[in-house]
Amino acid sequence: MSLFTNLLESMHMDLKITENCSRQSNLHSTCTFCVEACKKGALSPDLQSIDLNHEGCNSCGDCVIACPLSAIEGIVDSRDFCKGSLLYSESYTPTVKELLIYKKRGVQSIQTQDIPMNDQWKKVLTQTNKVLEVVGEPVIEVVQKAQVEEKLSRRSFLTSFKREGKQLAKNMAPASWKLEADQWKLAIYYPEYQFYTILIDRKKCTLCHACKTFCTQKVFQIVNQTLKINHQNCVGCTACSDICSEDAIQISTEVKKINEEYVELHSKICLNCGQSFVTFLPETLKCHVCKDRDPSWLSPYQ
Ligand code: SF4
Ligand code: SF4
């Protein structure tokens, strides 16, 4: 590791919860990805944000990686790399997302250095490799130090090793210290795949637009009487399903080739109250209010 990188990593920097946190704009947000990732218990859900106990925080940065909205700024430390390998450490367990991103940044293996890999690492690696198979990438291997050196020694030092080593060092450095927002989004690294699929129950949905309003990733768009769902943009933050009063949204985590979905919308006049409304279902006769209204109650429109 260069002196420059050492210097950057040794600089203390407090974590900061930014306004991108869904809890700050959405009172219904149930997001606790960062809280669950923090093994020190330094984060706790607040009424309209996340409370960070600076004294408990050891700046490991696990919450930075876990936040789907890149709403936490700070340094991710405690990861070491050696020429295409992530060095195994029992001081942390990477996430599947993290390993998938490291893979795209040049990591081909996990180097255990004669320490048996613990069950948490094995579980994450198995899940990561399943995803890599789906996206047609070589899996991440587990190797001993000697194997890594042997692999590299097979290469020509002055050609591929030198070139790839330099490129790898350049690629890996940001994993430790760079603070760019969006750094931890899988879609950037796997542009041909979607990691989440939004499933809308068309019978329950009233097309109120709450999900569209609260989704910061522009997953939902209305274009010419059509709802466009750009699944690839989804980061699984759950803001849409949290805000949906009809419980009409499910988020599937199956990894698939990207698919932009277009759903036709129909403008109708309610047979009961005469108001115009929009629906997914052309056969619908009553608007979203009258459909569920007790007929013995007064209509709000009459
Ligand atoms: S994971 Fe990110 S969006 Fe979710 S509560 Fe934590 S800071 Fe907010
Ligand atoms: S579609 Fe829902 S879960 Fe996906 S990014 Fe938008 S609000 Fe978050």
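The values are calculated or read from the model by the stated rules, or taken from the named source; none is laboratory data. Please read all numbers here as calculations on a predicted model, not as lab measurements. Areas reflect the complete protein model, heavy atoms only, side chains present, ligands, DNA and RNA absent. Shrake-Rupley method; radii C 1.70, N 1.55, O 1.52, S 1.80 Å.
Determine the alpha carbon to alpha carbon distance for each of K204/K291; K40/K104; K83/K104 and list only those over 21 Å.
With Cα atoms farther than 21 Å apart: K40/K104.
When the chain is fully extended, how far beyond the present Cα-Cα distance does Q183 get from L47, taking 0.36 nm per residue of separation?
Between Q183 and L47, full extension yields an extra 46.2 nm.
Would you check the accessible area of K39, probe 1.4 Å, heavy atoms only, in square angstrom rounded to 10?
Estimated to the nearest 10 Å², K39 gives 140 Å².
With a 1.4 Å probe and all protein chains in place, put I198, I222 in order of accessible area, largest first.
I222, I198
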